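The values are calculated or read from the model by the stated rules, or taken from the named source; none is laboratory data. Quick caveat, the model's predicted, so the values are computed rather than measured. Here the Cβ positions follow ideal geometry from the backbone for every residue, glycine too, while neighbour counts run over all protein chains shown.
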Amino acid sequence: MTHAVAIVPAFNRADTVGATVTALRTVPDVLDVVVVDDGSRDRTAAAAAAAGARVIELARNRGKAAAVTAGIAASGAPDVYLLIDADLGGSAALAADLLQPIALGEADMTIAVFDAVEGPGGFGLVKAFAARVLRSETGLELAEPLSGQRAVRGPLMRSLRLAPGFGLEVGLTLDAADRGARISEVEIGFSHRQTGRDLRGFAHRARIGRHVYLAAVARTGWPKAVYCLAASLLSRLRMDARSASSERPGRRLRSGRDMLRRRLRSLRPTRSMQRLRAAKVPSVRDAASRLPLARWRHRGSELGARSLRRIRELLVARRRRSSGGS
């Protein structure tokens, strides 16, 4: 039997963390579930504790890697660490499939490959960049290089220095491959919440992309990271152009700039943006009519009169001095 500890980093997941913990406790090899509340502002810690997890609360939000590090430090020395996101809910019970290859001695790290998710998502640039970096450095062709659902052999995990923030997964894969670890992907029917295609969702993806890029730079150097980023961007633009031309045979996008414009138009505006669009913008004439021009003219005339009086006083004083000296 494999002694596994499930580590669940959670930030404002009071709605799903309880179901996730309950599902993990049904996995036979999982002897302990550690939920690290990463400075949540809701009842995440209370929901996790009520479901039977051991809860570690961080005073402030420090990021995913810091939460996982805190969980590792508090879990002793298990045979396997199981990293699970707090939004999996009941599907977290399928994590047993991640543990099996390690228990059989076939892998040192397993990565979950999710089923295809329908609906709007991101552009896939960060995922393409991560896949290209890993392929260049390790030779691995990973379908889900950013998947946070992983099982890692205990001694291997304890020997690694985790990349900060959302660069955790890419850093884990690069560092484990550098130590000669056997890495494999496992198709599992996990389900989780997908970030929407709105401004908030793209801001979140931008933070993930920044952390992934910094993790790659720290391990491969900035020239290779910049090359992989540029190549991934060009590849995504070409792919989108081909898909758009196949959908609309009579129309051809002329450049990458057209693709970006098309993508930006597909963004769903937030409520604040909708309010701004609905607001009536006054014309220049209306705005000028509301200005307190009369008051300004009065103040300007007062200032001008005051200045003239001061100049006259100075001139009179100068004449008196000159006449007195003569």
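Condition check: assigned to a helix (DSSP H, G or I), at pLDDT below 80 and closer than 30 Å to Leu172 by Cβ. Does Asp258 satisfy that?
Values: assigned to a helix (DSSP H, G or I): yes; at pLDDT below 80: yes; closer than 30 Å to Leu172 by Cβ: no.
No; evaluated as a whole, the condition is false for this residue.
Candidates Ala65, Ala96, Ala74: the one that is at pLDDT below 95, surrounded by fewer than 17 Cβ atoms within 10 Å (Cβ to Cβ) and small (Gly, Ala, Ser) is Ala74. From the list Leu140, Leu104, the lone residue that is out of contact with any strand residue (DSSP E or B) (no Cβ under 9 Å at 6 or more places or on another chain), surrounded by fewer than 23 Cβ atoms within 10 Å (Cβ to Cβ) and either within 16 Å of Glu185 (Cβ to Cβ) or not β-branched (Val, Ile, Thr) (or both) is Leu104. Listed by first and then second residue, the pairs with beta-carbon distance under 6 Å, at least 6 apart or on different chains, first residue in the range 6-17 and among the basic types (Lys, Arg), second assigned to a helix (DSSP H, G or I), are Arg13/Thr44.
Exactly one residue among Asp85, Asp115, Asp108 is acidic (Asp, Glu), modelled with pLDDT of 90 or more and more than 19 Å from Val34 (Cβ to Cβ), and that residue is Asp108.
Across the range 193-234, the qualifying residues are those that are of a type in the set (Ser, Thr, Tyr) and modelled with pLDDT of 85 or more, and the one among them that is nearest to Ala131 (Cα to Cα) is Ser232.
Among the residues of the range 16-39, are any in a helix (DSSP H, G or I), in contact with a strand residue (DSSP E or B) (Cβ under 7 Å, 6 or more places away or on another chain), surrounded by 20 or more Cβ atoms within 10 Å (Cβ to Cβ) and not aliphatic (A, V, I, L, M)?
yes
Residues in the range 53-70 that are farther than 15 Å from Ser40 by Cβ and either under 24 Å from the mean Cα position of the chain (by Cα) or β-branched (Val, Ile, Thr) (or both): 3 in all.
Test of understanding: among Leu156, Leu146, Leu172, which residue is assigned by TED's automatic domain parsing to the domain that holds Arg13, in a helix (DSSP H, G or I), farther than 20 Å from Leu104 by Cα and touching a residue at least 40 places away in the same chain (Cβ under 8 Å)? That would be Leu172, the only listed residue that is assigned by TED's automatic domain parsing to the domain that holds Arg13, in a helix (DSSP H, G or I), farther than 20 Å from Leu104 by Cα and touching a residue at least 40 places away in the same chain (Cβ under 8 Å).
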